[in-house]
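Bear in mind these aren't lab numbers, they're just calculated from the coordinates by the rules spelled out. These figures come from a predicted structure and were not determined experimentally. Cβ placement follows ideal geometry from the backbone for every residue including glycine, while neighbour counts extend to all protein chains displayed.
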Amino acid sequence: MTVALRWQSTPANAPDAEQLGDLASRCLKLEVETHPKPGLVSHVDNGAHSDMDAGLLCRSADTLRPFLRDLALAGAEGAGMSRLRAIGVAAERAMLAETGGVNTHRGAIFGLGLLCAAAGYRGALGIRKSLGDLVSQRWGEDILSGPICHRHQPPASRRSGGIALRTSQRIRISCRRRRWTSRLARAGHRDSSGLRGAQSQSPRQFVRTQSADELSANHVSQILTVTSALAIHACMADLLTEPAAVTGYSVGEMTAWSIAGIWTADEALRLTAVRARLMDSVAGPDGRLGYVRGLDPAALERLLGKHRCEIAIRNPDRLVVVGGAEQDVIDLCEEAIRQGATRTGLLAVRIASHTRQLEQACRPLQLALDASTRSAIASQRVLLAGGDGERIFSASNATAKLACQVARPIDWSATLEALAELGVSRVLDLGPGHALAEMMQAFLPSIRCYAADGFRTVDGLRNWIAAE
């Protein structure tokens, strides 16, 4: 679930953050100009490096400037390590995209980035302490006790819901403003498979007490994915007063329609349950999704025909989700590796969503959507179809497309291009997880992308939105 933020307001402390970002980027360039440095790249020679030169390092430094600025701004706002890590991951993605995969400044993103955050914190509070002391005081414990950065989530963790939900993950729902317990129970109905007991539990309790297999079941995961995104949106909805584009990846479109003002949260959850039940009823027992990365499109097309599979989702960077019978998907993935794919694997989703296997669910789902209680799209929202990025002006004219999405391939690359064409400047991934933010950042490095999951608290997320 993605919200693309288009406002251009500037926080009061932005000039300091801008200056810090510029200074940090200039420092990286000055380091390049320093000579001699045995074995290191300079403006004189490439030292011991055959994969980089001074020009590449300078371009990398320019690419990192906005992220170093964001780290300074995050530090000024008192951000925790989770948010700094999220910015650092986005910076690394942008760096690798600019350099063609060459690691020019990964260490600098960490070390210099922390110093930028400390400088922002020191400037905001007007205190006198060395930057090193502040790093130790503010984030030292987190640095020592946790990973230096998020592990990049493998494609196999991306659920058919479109939002990164690993089977071992426990969804964090921090909003207490609305009674999500009763909504989850009503959406799933007490007699629904996999959701019995939900009425007496909060979503947080529910995910903690269920097994990984139970959480990855299609019906359960769809409802929990939408519940989580709607809960996060409820925590910040009052701050979203400026124009924003909204779109969703697979089941995330159900959330997007609600955030765009078409459905209430109750109605979105009810319809999500209908969607999941219809998909399960027509899917058959042996469906599966898998992924293939880095394979030549022509070779992939041949394998799809040979193994009776279909493309379910087209992502950037030659990352394709394929669907079909489980053994066929396994055979395709194994042969794809032999033919040059860089990575393949099975997703936890045991249903061939976004393929023709679910064609019979389209018409009854459209009838349910047509009968839903709807409102017009809110005046400050631009709603894009997640399947191809087409703008939706009227919900009544788009229910057939939304319903048929369960049996049609998704072109997420086209949706990301549509966001860029709208001129969005910032993107927020409502999660759970941060795979979509990372995908967007890699696809369009010039746009700053964040995941709600990267913030430690709701207050931290709200502060970021208010500052932006």
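Looking at Ser379 and the list (1) in contact (Cβ under 8 Å) with a residue 12 or more places away in the chain; (2) closer than 18 Å to Ile259 by Cα; (3) over 22 Å from the mean Cα position of the chain (by Cα), which single condition is not satisfied?
(1)
Evaluate segment 211-220: report whether one residue or more is polar (S, T, N, Q), surrounded by fewer than 20 Cβ atoms within 10 Å (Cβ to Cβ), without any contact (Cβ under 8 Å) to a residue 12 or more places away in the chain and not in a helix (DSSP H, G or I).
Taking segment 211-220 first, the residues polar (S, T, N, Q) are 211, 216, 218.
If we keep only those that are surrounded by fewer than 20 Cβ atoms within 10 Å (Cβ to Cβ) too, we end up with 211.
In the following step, the residues that additionally are without any contact (Cβ under 8 Å) to a residue 12 or more places away in the chain were identified as 211.
From what is left, the residues that are not in a helix (DSSP H, G or I) are 211.
Yes, that holds for at least one residue.
Of the residues Leu436, Leu367, Leu416, which single one is in a helix (DSSP H, G or I) and free of Cβ contacts under 8 Å to residues at least 12 places away in the same chain? Full working, then the answer.
On the way: Leu436 fails: free of Cβ contacts under 8 Å to residues at least 12 places away in the same chain; Leu416 fails: free of Cβ contacts under 8 Å to residues at least 12 places away in the same chain.
Just one listed residue meets the conditions, Leu367.
What is the one condition in (1) in a loop (DSSP other than H, G, I, E, B); (2) over 20 Å from Ala119 (Cβ atoms) that Ala79 does not satisfy?
Here Ala79 clears every test but (2).
Going through Leu444, Leu430, Leu461 one at a time, which residue ends up being under 19 Å from the mean Cα position of the chain (by Cα) and closer than 17 Å to Ala94 by Cα?
Working: Leu430 fails: closer than 17 Å to Ala94 by Cα; Leu461 fails: closer than 17 Å to Ala94 by Cα.
Only one candidate qualifies: Leu444.
Here's the yes/no breakdown for (1) closer than 16 Å to Ser25 by Cα; (2) assigned to a helix (DSSP H, G or I); (3) within 21 Å of the chain's Cα centre (by Cα); (4) of a type in the set (D, E, K, R):
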| site | (1), (2), (3), (4) |
| --- | --- |
| Val41 | no, no, no, no |
| Leu57 | yes, yes, no, no |
| Leu71 | yes, yes, yes, no |
| Val89 | no, yes, yes, no |
| Glu92 | yes, yes, yes, yes |
| Lys129 | no, no, no, yes |
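When both residues are 6+ apart or on different chains and their Cβ atoms are under 9 Å apart, which pairs have a first residue that lies in segment 292-303 and is farther than 12 Å from Thr344 by Cβ, and a second that is exposed (fewer than 13 other Cβ atoms within 10 Å of the Cβ)?
Close Cβ pairs (under 9 Å, with a partner that is exposed (fewer than 13 other Cβ atoms within 10 Å of the Cβ)) amount to Asp296/Gly340; Ala299/Gly340.
Could you give me the residue pairs with C-beta distances under 7 Å whose first residue belongs to segment 224-244 and is under 19 Å from Arg208 (Cβ atoms), whose second residue is surrounded by fewer than 19 Cβ atoms within 10 Å (Cβ to Cβ) and not charged (D, E, K, R) wherever it lies, and which are 6+ apart or on separate chains?
Ala231/Cys175; Ile232/Cys175
One residue is enough: does segment 415-435 have a residue meeting the conditions of a type in the set (Gly, Ala, Ser), touching a Ser or Thr at 6+ places or on another chain (Cβ under 6 Å), buried (at least 22 other Cβ atoms within 10 Å of the Cβ) and at negative phi? Steps first, please.
Taking segment 415-435 first, the residues of a type in the set (Gly, Ala, Ser) are 418, 420, 423, 425, 431, 433, 435.
Next, only the ones that are touching a Ser or Thr at 6+ places or on another chain (Cβ under 6 Å) stay: none.
Taking every residue of segment 415-435 in turn, none turns out to be of a type in the set (Gly, Ala, Ser), touching a Ser or Thr at 6+ places or on another chain (Cβ under 6 Å), buried (at least 22 other Cβ atoms within 10 Å of the Cβ) and at negative phi.
Can you run down the residue pairs with Cβ atoms below 8 Å, 6 or more apart or on separate chains, where the first is in segment 83-94 and farther than 20 Å from Asn463 by Cβ and the partner is basic (Lys, Arg)?
Once the first residue is farther than 20 Å from Asn463 by Cβ and sits in segment 83-94, its partners that are basic (Lys, Arg) give Glu92/Arg106.
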